Amino acid sequence: MTAILVTNIGELTTNVASGGDPCGTRTDAAVLIDGARIAWVGPAASAPGASGAAVVDAGGRAVIPGFVDSHTHLVFGGDRAAEFAARMAGQPYAAGGIRTTVAATRAAGDEELRQRLAGFVTELHAQGTTTFEVKTGYGLTVHDEARLARLAAEVTGEVTFLGAHVVPAEYAERRGDYVDLVCGPMLDACAPHARWVDVFCETGAFTPEESRRVLEAGIRRGLAPRVHGNQLGAGGGVRLAVALGAASVDHCTYLADEDVAALAGSDTVATLLPGVEFSTRQPYPDARRLIDAGATVGIASDCNPGSSFTSSMPLMIALAVREMRMTVPEAVWAATAGGARALRRDDVGALAAGMRADLVILDAPSRTHLAYRPGVPLVAAVYKDGVPLPV
Ligand code: NIG
Ligand code: FE
């Protein structure tokens, strides 16, 4: 195992809370990596002399934990550029566009999907994302959902079964039968590849009652719940997620006071997906309201071909700060530690001895530049499990 000493770090975001700073910010710091884990974090001046350690001089730049993108849909065929262009010309976003991607995904072979997915993984890594979740949800047959779950499991341990994304066209007149399929044979085929079960609880997708059935079936099968909810209107998604102890409820764009109170009194992360509001021209969720109420807020890309075709966590941070009234430290925390909480992971999202050696050296003196210089690639180096990735 190689040891690497990353030293001369001008600003280090550890996310180990100290003195009222949730980001645990250190200046003039160093990080010692031993194999796949962090061995030591502290002042550069007192870094332990690890004999044989390779020394990486950060040159006074900022270092942050690798981004944890807790919400993506990266296994799909085709794209929806025409739908996006029509939307920008005035068409509203509706979940029905998902069926276009379902048709393209069913028509794509495994190798095509695998190569596309590999391309996205390279794209994520190059932008500083070191942990990511991937959902199924564009297959919607037993065979296609199982192959999407299997392909996703080739690139991440965080696979989510989302057979309940929308009711596919062939079941439009018998939605109860589709929910039975999701809760039975489809779940059986996908569960061996998945850790999570998700449902799109929204008008036009699944009702709170249908959603509860799907999530409870997943829980019985050993999967842990997460929910897409309150994206297009106030509905029962948030309250269902909290009632079932879901790790995260994602979107949270339209919230009633009781939704905010339920989140604040729970361990369920409110994961906000500002790429969706950017790409669908919807109002942004009010992160300030959630944080001030005491809820835990994460941010994620929701990278998918319909509502947010971007994998850029730096862009999410810029949008969170500019459009959702988050401070820079809150947004950086939400994109790293918040994502880790949303995936119930205690080995990523922070830089401390024993954690995975997943970190990003920014081409900037502070993390503030992630929001201050939107659209500018600021990732100078990425380490995942102690191994440098191509950037
Ligand atoms: O998270 N909300 C549901 N699913 C995706 C959209 C998928 C699509 O439009 O293809 C989302 O926004
Ligand atoms: Fe999504």
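The values are calculated or read from the model by the stated rules, or taken from the named source; none is laboratory data. Keep in mind that what you see is a predicted model, and the values were worked out from it rather than measured. Because the Cβ atoms are built from the backbone with ideal geometry, glycine has one as well, and the counts that use them run over all protein chains shown. Note: areas computed on protein heavy atoms with side chains; ligands, DNA, RNA excluded. Shrake-Rupley method; radii C 1.70, N 1.55, O 1.52, S 1.80 Å.
Summary table
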quantity	calculated
First in region 142-153 and closer than 17 Å to residue 199 by Cα, second anywhere and small (Gly, Ala, Ser), Cβ under 7 Å, 6 or more apart	142/189; 145/139; 145/163; 145/189; 146/189; 148/139; 149/194
Test: residue in region 22-40 that is in a loop (DSSP other than H, G, I, E, B), open to solvent by 10 Å² or more (accessible area, probe 1.4 Å) and in contact with a helix residue (DSSP H, G or I) (Cβ under 9 Å, 6 or more places away or on another chain)	yes
Pairs, first over 14 Å from residue 228 (Cβ atoms) in region 239-267, second open to solvent by 10 Å² or more (accessible area, probe 1.4 Å) and polar (S, T, N, Q), C-beta under 6 Å, six or more apart	242/266
Residue within region 47-54 that is within 16 Å of ligand 1 (Cβ to nearest atom), out of contact with any helix residue (DSSP H, G or I) (no Cβ under 7 Å at 6 or more places or on another chain) and touching a residue at least 40 places away in the same chain (Cβ under 8 Å) present	no
Counted residues, region 69-112 - those being under 20 Å from the mean Cα position of the chain (by Cα) and among the aliphatic types (A, V, I, L, M)	4
Qualifying position, being in contact with an Asp or Glu (Cβ under 6 Å, 6 or more places away or on another chain), under 26 Å from residue 152 (Cα atoms) and either in a loop (DSSP other than H, G, I, E, B) or open to solvent by 50 Å² or more (accessible area, probe 1.4 Å) (or both), among 116, 106	106
Residue within region 200-214 that is closer than 24 Å to residue 75 by Cα, without any contact (Cβ under 8 Å) to a residue 60 or more places away in the chain, in a loop (DSSP other than H, G, I, E, B) and of a type outside the set (S, T, N, Q) present	no
Selected residue (criterion: surrounded by the fewest Cβ atoms within 10 Å (Cβ to Cβ)) from residues of region 209-219 that are more than 23 Å from the chain's Cα centre (by Cα) and not hydrophobic (A, V, I, L, M, F, W, C)	209
Verdict on residue 134 being part of a strand (DSSP E or B), free of Cβ contacts under 8 Å to residues at least 40 places away in the same chain and open to solvent by less than 10 Å² (accessible area, probe 1.4 Å)	no
Residue check, residue 154 farther than 23 Å from residue 214 by Cβ, open to solvent by 10 Å² or more (accessible area, probe 1.4 Å) and in contact with a helix residue (DSSP H, G or I) (Cβ under 8 Å, 6 or more places away or on another chain)	yes
Residue match in region 268-275 (condition: under 22 Å from residue 233 (Cβ atoms), touching a Ser or Thr at 6+ places or on another chain (Cβ under 6 Å) and more than 13 Å from ligand 1 (Cβ to nearest atom))	yes
Which numbered condition residue 263 fails, given (1) of a type outside the set (D, E, K, R); (2) within 12 Å of ligand 1 (Cβ to nearest atom); (3) open to solvent by less than 20 Å² (accessible area, probe 1.4 Å)	(2)
Considering residues of region 310-369 that are free of Cβ contacts under 8 Å to residues at least 40 places away in the same chain and not charged (D, E, K, R) only, the residue nearest to residue 41 (Cα to Cα)	327
Within region 271-334, helices (runs of 4 or more DSSP H) holding 2 or more residues that are open to solvent by 10 Å² or more (accessible area, probe 1.4 Å) and either of a type in the set (D, E, K, R) or farther than 23 Å from residue 373 by Cβ (or both)	287-293, 313-323
Whichever residue in region 142-182 is more than 23 Å from residue 340 (Cα to Cα) and in a strand (DSSP E or B) and, among such residues, is nearest to ligand 1 (Cβ to nearest atom)	164
Sole exception among (1) in a strand (DSSP E or B); (2) in contact with a Pro (Cβ under 7 Å, 6 or more places away or on another chain) for residue 388, by number	(2)
Selection status of residue 56, assigned by TED's automatic domain parsing to the domain that holds residue 139, open to solvent by less than 60 Å² (accessible area, probe 1.4 Å) and β-branched (Val, Ile, Thr)	no
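Listed here are the residues, each with its yes/no results for (1) open to solvent by 10 Å² or more (accessible area, probe 1.4 Å); (2) touching a His at 6+ places or on another chain (Cβ under 7 Å).
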{"position": "129", "(1), (2)": "no, no"}
{"position": "148", "(1), (2)": "no, no"}
{"position": "186", "(1), (2)": "no, no"}
{"position": "194", "(1), (2)": "yes, no"}
{"position": "221", "(1), (2)": "yes, no"}
{"position": "229", "(1), (2)": "no, yes"}
